[in-house]
Amino acid sequence: MRIIVHKNKCQGHARCWAQAPDIFNLDDEGYILPGDIEVAERDELLASRGARSCPERALEIDATADALLTRLLFNQACGGVK
């Protein structure tokens, strides 16, 4: 999963960081740092909560079919999914 960051929408509420401080990096004033965020599978729930908590909708969850298919194929290759 990937979180698309719309930096220009961030108003510094830091609600994303409150949900997942290890995933969302903020500057000294509480604004999200630019650049999309690649989220490890184990962190997807927290990242999703953080992104959905943004009142300005500055964070967009990208869980496209391609991303999900890539993860499924990777898991199958590693023996994680049968």
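None of the figures in this text is laboratory data; all of them are computed from the coordinates on show. These numbers come from a predicted model, not from an experiment. We place every Cβ from the backbone using ideal geometry, glycine too, and count neighbours over all the protein chains shown.
Rank by packing, highest mean first: peptides 16-29, 50-63, with packing defined as the count of other Cβ atoms within 10 Å averaged across residues.
Averaged packing, sorted descending, gives the order 50-63, 16-29.
Taking 0.36 nm per residue of separation and subtracting the Cα-Cα distance, what length does fully extending residue 63 through residue 8 add?
Stretched fully, the residue 63-residue 8 segment lengthens by 17.6 nm.
Any idea what the dipole of the stretch 1-48 comes to, in debye rounded to 20, about its Cα centre with Lys/Arg Cβ at +1 and Asp/Glu Cβ at -1?
Once rounded to the nearest 20, the dipole reads 220 debye.
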